[in-house]
Protein chains: 2
Amino acid sequence: MGITAGEFWTNRWHLMNHCGEYMKIIVLGGDGYCGWATSLYLSAKGHAITIVDNYLRRQWDHELGAQTLTPIQPMSDRLRCWSRITGKTIDLSVGDITDYDFLIGVIKAVQPDAIIHFAEQRSAPYSMIDRKHAVFTQVNNVVGTLNVLFAMREAQPDCHLIKLGTMGEYGTPNIDIEEGYIKIEHNGRSDVLPFPKQAGSFYHLSKVHDSHNMMFTCRIWGLRATDLNQGVVYGTVTDETALDEALVNRYDYDDVFGTVLNRFCVQAAIGEPLTVYGKGGQTRGFLDIRDTVRCVELACLNPPERGECRVFNQFTEQFSVLDLAHKVQIAGKELGLKTVVEHIPDPRVEAEAHYYHAKHSKLVDLGLQPHFLSDSLLDSLMNIALQYRDRFDSNIIMPQVNWRETQNKRHRYPNVHVAAGAGASSSY
Amino acid sequence: MGITAGEFWTNRWHLMNHCGEYMKIIVLGGDGYCGWATSLYLSAKGHAITIVDNYLRRQWDHELGAQTLTPIQPMSDRLRCWSRITGKTIDLSVGDITDYDFLIGVIKAVQPDAIIHFAEQRSAPYSMIDRKHAVFTQVNNVVGTLNVLFAMREAQPDCHLIKLGTMGEYGTPNIDIEEGYIKIEHNGRSDVLPFPKQAGSFYHLSKVHDSHNMMFTCRIWGLRATDLNQGVVYGTVTDETALDEALVNRYDYDDVFGTVLNRFCVQAAIGEPLTVYGKGGQTRGFLDIRDTVRCVELACLNPPERGECRVFNQFTEQFSVLDLAHKVQIAGKELGLKTVVEHIPDPRVEAEAHYYHAKHSKLVDLGLQPHFLSDSLLDSLMNIALQYRDRFDSNIIMPQVNWRETQNKRHRYPNVHVAAGAGASSSY
């Protein structure tokens with residue numbers, strides 16, 4: 001009595017650890033921004049981690065002519081460094097989860113207790129470049145997730161799937177957003193049904209498709225899954241990535257893969273205007289990457305029952321884009337930076353002012369203690385940007401993907417032709 | 001005053017016809033069960049029809065070792081016969097709509113007023129055979145529809161897309177099913193949102209994915225679309241297919257592509273038990289194929305505004321599976337047939353008894369006068385089955401695809417090995 005479910009499981013897990021027990025966890029997409037931070041965090045906690053990645057995220061950097069501001073190291077160097085510093089080993093399987101034979105081979109070899117699935121194309125603008133990128137995003141993400149579901153059913157049916165969804169699946173309805181499901185009263189009857197989805201890009205739609213496929217397979221096959229509808233992540237440093245420069249995490253600020261707050265901090269540090277799309281009234285849920293890794297851990301430690309497809313809204317605070325610009329402007333002033341906010345035409349088709357109120361209590365109930373957005377975090381992000389300012393490329397800031405067009409040509413370098421979908425393996 | 005919107009448009013259309021005007025219509029999947037009947041019906045009405053098909057439906061017959069009870073003719077013979085009898089020409093483009101260059105080439109050449117999209121893998125059991133068939137179904141259907149949406153935006157943005165969805169997208173919620181959208185009151189606010197989807201197979205899920213993609217592109221690109229959430233179709237004869245045996249339509253009764261009422265009529269005619277899956281309380285919307293073609297025509301004649309993604313629930317009556325078995329049993333008795341109803345284990349994972357009440361008034365408002373299920377229709381179906389009884393194959397009746405399994409081996413012929421997904425072109 002008197003302890004929350006989260007405390008119970010955390011205690012149980014500490015007990016497991018003291019007994020030398022831990023979870024076997026596969027992190028699909030462990031080379032990416034959230035995947036890398038999560039892999040290190042869970043490894044530090046004593047779990048046995050296997051990263052699966054095909055390095056496609058690095059390939060997209062080359063396709064787009066954009067590089068993370070921080071100099072991330074090749075995976076082999078990253079893992080060697082982690083092992084040297086901590087004495088812990090992270091296993092690695094290099095391959096593509098749309099290749100079923102590869103995927104089920106890894107799962108059979110590892111026999112994981114949990115699979116954390118970050119291995120998707122996760123940029124809305126990337127999915128809106130043109131038809132090939134839209135088709136690639138949906139095929140890659142849907143087929144990858146279908147393969148994970150089939151492989152679990154065939155090789156590891158008791159395993160817990162923790163799948164990264166997005167708050168963007170819900171869009172911006174004029175009612176409160178619940179966590180995955182909503183009780184609807186209608187004509188004198190009622191039912192609890194999946195919350196209606198109104199996604200805003202082919203990428204966000206791919207996650208909607210995944211969610212429906214996951215709910216179905218939990219129902220027919222008795223799989224267990226947690227769909228983490230994550231908000232926009234900011235920050236780059238976690239306790240683990242800070243241990244050595246070879247462990248540094250991505251810090252994307254370009255128009256395609258950069259997330260808004262990280263981009264604003266880079267712009268402020270470099271002395272470029274903060275580019276607000278349209279009015280800036282677009283309101284979304286946000287979270288610190290240190291909360292991302294903790295939320296995923298909480299999901300792992302608190303598996304749902306067999307047959308349940310549980311949904312958590314994974315963010316800690318909601319802000320409008322203009323709110324964020326003003327916060328960065330103020331924090332920049334403290335550092336002696338003069339920052340201008342510039343409204344530019346919104347390249348996306350979205351409401352620029354709207355009602356937004358999304359629930360996000362389930363992870364807190366399990367024990368999440370949020371890192372709320374603070375001036376010190378903004379300081380830290382701007383200082384990192386200053387540290388790596390020599391790597392800054394002003395060509396990759398302005399949006400070049402317009403939602404209204406079906407063919408967005410991206411001319412960053414003269415005399416360079418990038419084939420449509422050069423980073424995409426789809427043949428359609 | 002005093003006329004319905006349907007009457008107005010029907011009048012307008014008669015006027016168009018009297019002036020020698022008509023619509024240019026592309027029928028994607030015009031070689032299939034609904035597509036063929038629709039193509040002939042609209043051609044008879046004076047529209048200029050172009051059929052697009054890759055004959056994959058015929059290939060699946062070979063893969064499954066199943067043939068339609070009626071001897072359908074090759075497309076070239078079908079079209080020659082139609083031309084000879086009616087003096088009307090239907091154009092034909094043979095190709096796959098997942099091939100974008102092919103698809104947009106046809107659209108540019110035809111410049112259609114409407115595109116009717118039947119060109120999807122439409123069998124739930126086929127999608128549940130194994131992983132390859134699930135992946136094929138979702139990739140084929142989602143990519144085909146994405147291609148249609150992109151091609152419309154790029155080449156024919158004013159064109160009206162009429163897309164076949166399915167009532168199966170909704171599943172069996174415990175509240176009334178509305179036509180595509182539902183007004184939700186929640187915590188003192190309200191919004192009209194897409195009706196929540198709980199599809200029951202990878203096939204039905206593919207249509208859910210399509211619906212979300214269509215709503216998005218209508219919103220961002222101002223396309224106009226009608227999503228016809230069709231019930232289970234029965235019957236095989238329309239006025240047009242009855243004109244000559246070379247125009248005969250498919251009559252599928254096998255466990256994979258056969259629809260339930262057609263299968264029951266064949267079973268009754270042949271003297272086999274009517275196989276009811278489980279309790280038979282599964283309730284669905286049904287319609288006569290003669291109403292399918294009229295509904296599609298009504299959608300064509302009444303296009304939505306640019307930017308609207310309209311949804312019609314396309315069925316005329318709802319029945320439980322057991323209701324239908326009893327109706328066939330009674331009608332069979334009149335023909336001197338002794339028919340037994342046999343309950344067999346349900347190969348699907350679905351509620352065998354549940355609340356079901358789905359709205360379907362929008363097409364009636366436009367002028368649909370339903371052909372309700374009658375004894376004479378059942379007579380006709382059973383008589384056709386008797387006419388072609390020599391083609392009946394008892395090996396293809398019993399269900400061989402179990403929703404609970406991920407690998408359903410289908411052993412109909414000794415010493416024959418069918419590669420998984422032999423009819424599927426997916427490389428995943």
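Evaluated with a Cβ-only charge set (Lys, Arg +1; Asp, Glu -1), the protein assembly as shown carries a dipole of roughly 380 debye about its Cα centre, given to the nearest 20.
In the P(r) worked out for chain A, what percent of Cα pairs fall beyond 32 Å? The calculated P(r) of chain A puts 34 percent of pairs beyond 32 Å.
Pairwise Cα distances in the stretch A:36-177 exceed 26 Å for 34 percent of all pairs. Taking a ≥ b ≥ c as the square roots of the eigenvalues of the Cα gyration tensor, an a/c ratio of 1.5 or more together with a/b no larger than b/c marks the stretch B:318-417 as oblate. Going down the table (B:LYS279/B:LYS338; B:LYS108/B:LYS132; B:LYS132/B:LYS183; A:LYS207/A:LYS279; A:LYS163/B:LYS359; A:LYS45/B:LYS132), which pairs top 29 Å between alpha carbons? The pairs that break the limit, which is 29 Å between Cα atoms, are B:LYS108/B:LYS132; B:LYS132/B:LYS183; A:LYS163/B:LYS359; A:LYS45/B:LYS132. Max-minus-min Cα coordinates of the stretch A:52-115 on each principal axis give 37, 33, 17 Å, with the largest extent listed first. Dipole size of chain B about its Cα centre, with +1 on Lys/Arg Cβ and -1 on Asp/Glu Cβ: approximately 360 debye, rounded to the nearest 20. Binning the alpha carbon pair distances of the stretch B:210-285 at 10 angstrom intervals from zero yields the distribution 15, 29, 26, 22, 7, 1, expressed in whole percent. Think of the protein assembly as shown as having a plus end and a minus end, set by charges on the Cβ of Lys, Arg, Asp and Glu; of B:TYR356, A:ILE129, B:HIS204, A:ILE129 sits farthest toward the positive end of this dipole. Its alpha carbons give the stretch B:307-363 an Rg and a Dmax of 16.6, 55 Å. Calculated on the Cα set of the stretch A:242-291, radius of gyration then Dmax: 13.0, 40 Å.
Summarising the label geometry, the points placed 7 Å from Cα in the beta-carbon direction at A:GLN59 and A:GLU305 lie 4.2 nm from one another. Ligands, DNA and RNA aside, A:HIS62 has an accessible area near 130 Å² when probed at 1.4 Å. Close amide H pairs (under 5 Å, H built 1.01 Å from N) link A:LEU92 with A:ILE51, residues at least 5 positions away or on another chain. Kirkwood radius, the stretch B:81-139, all distinct C-alpha pairs, inverse of mean reciprocal distance: 14.3 Å. These residues, A:HIS360, B:HIS133, go from largest to smallest accessible area, 1.4 Å probe, as A:HIS360, B:HIS133. Between the C-alpha center of the stretch B:207-245 and that of the stretch A:85-126 there is a gap of 39 Å.
Sketch the reach of a paramagnetic label on B:ASP375 as a point 7 Å from Cα along Cα-to-Cβ, and name the residues of the stretch B:314-342 whose backbone nitrogen lies under 19 Å away. Those under the cut-off are B:323-340.
Across the alpha-carbon set of the stretch A:264-377, the Rg to Rh ratio works out to 1.06, Rh being the Kirkwood radius. Bridge orientation summary for chain B: considering DSSP beta bridges with both residues in this region, about 20 percent are antiparallel. Using heavy atoms of the protein chains and a probe of 1.4 Å, the accessible area assigned to B:TRP82 is about 0 Å². For the stretch A:174-322, the Stokes-Einstein estimate of translational diffusion at 25 °C and a viscosity of 0.890 mPa s comes to 137 µm²/s, using the Kirkwood hydrodynamic radius over alpha-carbon pairs.
Projection of the Cα convex hull of the protein assembly as shown, averaged over all directions and equal to a quarter of that hull's surface, yields 39.0 nm². Note on A:THR283: accessible area is roughly 20 Å² with a 1.4 Å probe, heavy atoms of protein only. What distance in nm separates the simple spin-label points at A:VAL192 and B:VAL192, each placed 7 Å from Cα in the Cβ direction? Label-label distance for A:VAL192 and B:VAL192, simple model: 2.9 nm.
Using R0 = 41 Å, the C-beta based FRET efficiency linking A:TYR181 and A:THR86 works out to 0.55. Share of Cα-Cα pairs in the stretch B:174-259 beyond 17 Å, in percent? Beyond 17 Å sits 68 percent of the P(r) for the stretch B:174-259. With both residues required to sit in the protein assembly as shown, DSSP beta bridges show an antiparallel share near 20%. Here's the picture: charge each Lys and Arg Cβ at +1 and each Asp and Glu Cβ at -1 in chain B, and of B:MET152, B:ILE72, B:TRP36 the one pushed furthest to the positive end of that dipole is B:MET152. If only the Cβ of Lys and Arg carry +1 and only the Cβ of Asp and Glu carry -1, the dipole of the stretch A:216-300 around its Cα centre is close to 540 debye. Largest accessible area first, the residues B:LYS333, B:LYS409 order themselves as B:LYS333, B:LYS409 under a 1.4 Å probe with ligands, DNA and RNA left out. Altogether, the Stokes-Einstein calculation at 25 °C and 0.890 mPa s, with the Kirkwood radius of the stretch B:100-220 over Cα pairs as Rh, returns a diffusion coefficient of 155 µm²/s. Summary of the geometry: the stretch B:22-55 and the stretch A:250-302, compared by the centres of their Cα atoms, lie 50 Å apart.
The values are calculated or read from the model by the stated rules, or taken from the named source; none is laboratory data. This one's a predicted model, so the numbers in the text were calculated from it and none came from an experiment. Positions of Cβ are backbone-derived with ideal geometry, glycine not excepted, and every protein chain shown enters the neighbour counts. Heads up: the accessible areas ignore ligands, DNA and RNA and are worked out on the full protein's heavy atoms, side chains in. Shrake-Rupley method; radii C 1.70, N 1.55, O 1.52, S 1.80 Å.
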